[in-house]
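Accompanying notes for the structure given below.
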Amino acid sequence: MNEISRSRITSKSKSAPAGRTQKNETAGSSEPPRRAEMRVRPTGPILPPSNIQGNALLVVIAIMSFLACLTLGAVSMVRATASSWESQISREITIQIKPQEGLDMDAALIKARDLALTFVGTKQGTIMDDQATARLLEPWLGAGLDLKELPVPHLVIITIDETSPPDFAAMRDLLRTEIPQAFLDDHRTWVDRLISMAHTTVLIGTGILILVFTAMILTVIFATRGALSGNRHIVEVLHFVGAEGGFVASVFQKHFLKISLKGSATGGALAALLFLSASLWQSNSLATPESDQAMALFGTFTIGFSGYLGILATMIVIALLTTLTARFTVMRTIDEIDLIRSDPARSEGAPAS
């Protein structure tokens, strides 16, 4: 029994200095005690980054952007083609001389050319020979024509200065006096028709763009209201605890900005790729019936740098319209919440006055 007590005392006396030594080492160290790291739990977004509604809106915006860019590119293409035709027509005038018995056609053609070149504003005169005239009539009358057997008018093409054209009325009167069989065609009728067609095309394209943008804005309004209805309680809580309307609107604004950028970029890229593919196909299939027919109906499929710049501008405008529409819709909804909150008769559970 005494031996057991002495062994316990001995063990305690051996362990005591070790404990005191550990305390002294702890007290003598200059390092402060470490505190447990505080980890902030990440907060979830007010709006989910991707949901069915957001994906559907992205597809709708992509379709709207594709149609808008396609319309803009088509309008640009038609305007460029009409401008090219107008420039080619306005650079030249044509003198037609009808064949008649006893008329020396070669001498009449030379005389008509020389009379036209006496006017200020004319540059060059070209007499079309029988082979050139036959090539012009070949699509309608076929090959191997004998123009001597047909009463086909002969042509003199006069190149004029577009900046200072000659006096067409005086030239017409002089030709009629000197050569009764001559008729001057200044192509004014065709130029006016081309200008009218270009303006009509631009108006139609502008109307389609307005309709596309209107449909897109209405779609964004409905999508924003749907997102608000699903997260209205969160918006109300944030607004009632002190969050300003601009903060809540910025959350929706960023959400719809991402969607609109993706959708407009997709639609614009597809439209640009379509025009680029059509231009490459047309350049690689020149002098073929398909290419000639397409060029006769639509002109060249090249929209140029300005057309692609317009597609980029349309994409940016669509993204901005979507963002501004979402912000306006959210701010209007918050104003409605404030109005309901301030009106005791309209708020639920309000105390009776």
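The values are calculated or read from the model by the stated rules, or taken from the named source; none is laboratory data. What you see is a predicted model; the values in this text were computed from it and never measured. Heads up, the Cβs are rebuilt from the backbone with ideal geometry, glycines too, and the neighbour counts pull from every protein chain shown.
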Applying the selection to the stretch 177-186, what residues are touching a strand residue (DSSP E or B) at 6+ places or on another chain (Cβ under 7 Å) and either part of a helix (DSSP H, G or I) or of a type outside the set (D, E, K, R) (or both)? I179, Q181, A182, F183, L184
Exactly one of (1) more than 23 Å from R79 (Cβ to Cβ); (2) in a helix (DSSP H, G or I); (3) over 31 Å from the mean Cα position of the chain (by Cα) is unmet by T189. Its number? (1)
Name, by its number, the condition in (1) of a type in the set (V, I, T); (2) modelled with pLDDT of 85 or more; (3) over 44 Å from the mean Cα position of the chain (by Cα) that does not hold for I93. (3)
State whether the residues of the stretch 103-110 include one that is touching a strand residue (DSSP E or B) at 6+ places or on another chain (Cβ under 9 Å) and within 28 Å of S87 (Cβ to Cβ). yes
Can you go through G205, G263, G242 and tell me which one is without any contact (Cβ under 8 Å) to a residue 24 or more places away in the chain and farther than 30 Å from F119 by Cβ? G242
